[in-house]
1. All other residues with a Cβ under 11 Å from the Cβ of R121 taken together, and with Lys, Arg as +1 and Asp, Glu as -1, what is their net charge?
2. As an exercise, identify the GluC sites (Glu not before Pro) in region 37-131 lying in DSSP coil whose Cβ has no more than 13 other Cβ atoms within 10 Å.
3. In debye to the nearest 20, how big a dipole does region 35-131 give about its Cα centre with +1 on each Lys and Arg Cβ and -1 on each Asp and Glu Cβ?
4. Read phi for every residue in region 70-78 and hand back ³J(HN,Hα) as whole Hz from Karplus 6.51 cos²θ - 1.76 cosθ + 1.60, θ = phi - 60°, with x for Gly and Pro.
5. Restricting to DSSP loop positions (anything but H, G, I, E, B) with no more than 10 other Cβ atoms inside 10 Å of their own Cβ, which chymotrypsin sites (Phe, Trp or Tyr not before Pro) remain in region 95-130?
6. How would you classify region 56-131 from its alpha-carbon gyration tensor, with a ≥ b ≥ c the square roots of the eigenvalues: rounded for a/c under 1.5, else prolate if a/b is greater than b/c, otherwise oblate?
7. Once phi is turned into θ = phi - 60°, what whole-Hz ³J(HN,Hα) does the Karplus curve with 6.51, -1.76 and 1.60 give for every residue of region 44-58, x standing for Gly and Pro?
8. DSSP loop trypsin sites (Lys or Arg not before Pro) in region 56-131 with at most 12 other Cβ atoms within 10 Å of their Cβ, which ones?
Amino acid sequence: MAYNFYTKTMSIVGIFFASGCATMSHMDELLTLQNAADSQNDMECYLKKQERGFNQLQQDVKSNKLQPGILKRYIIEMYYEPILSKEENFEGTLRQVLLYRHPTHYFNSERIYLYFDRANRLTSWKIVSAD
């Protein structure tokens with residue numbers, strides 16, 4: 001969808017230039033359209049990256065490829081940014097929790113919780129089904 005928006009926007013900009021309508025008085029509006037198209041493309045790329053990361057994490061958790069002790073920064077490098085990152089008190093000890101879920105299917109997606117100790121090492125995880 002962003003590709004279509006970008007293509008249409010660039011076509012409109014091209015028509016303005018070709019028809020001579022791209023005077024200095026309209027340049028700001030044309031640049032705004034171009035920036036909106038670029039921003040839309042950036043958002044689509046970001047969502048695709050997040051979706052790939054979630055799908056890979058989901059597969060790795062279900063196939064037991066995640067091992068306790070993995071550093072949190074490595075998890076974020078491999079699976080990208082979590083939806084939520086927070087600290088919680090668990091049995092008298094603070095721990096870090098990262099929440100991952102599909103970036104666009106909030107209500108019908110599994111949630112994956114990753115738990116880290118004070119040294120930012122993975123201690124455990126759980127999957128919560130969408131229902």
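The values are calculated or read from the model by the stated rules, or taken from the named source; none is laboratory data. It should be emphasised that the depicted structure is a prediction, and the values quoted were computed from it without experimental measurement. Cβ atoms come from the backbone with ideal geometry, glycine included; neighbour counts cover every protein chain shown. Accessible surface areas use protein heavy atoms only, side chains included; no ligands, DNA or RNA. Shrake-Rupley method; radii C 1.70, N 1.55, O 1.52, S 1.80 Å.
1. Combined, the nearby Lys, Arg, Asp and Glu give +3.
2. In loop regions of region 37-131 (DSSP not H, G, I, E or B), the sparsely surrounded GluC sites (Glu not before Pro) are E91.
3. 340 debye
4. Computed from phi, the couplings for region 70-78 are 5, 5, 4, 5, 5, 4, 5, 5, 6 Hz.
5. Filter output for region 95-130: F107.
6. Here region 56-131 falls in the prolate category.
7. Running phi through 6.51 cos²θ - 1.76 cosθ + 1.60 with θ = phi - 60° gives 5, 5, 4, 5, 5, 5, 5, 5, 4, x, 5, 4, 5, 4, 4 Hz.
8. Those satisfying the criteria are K65, R118.
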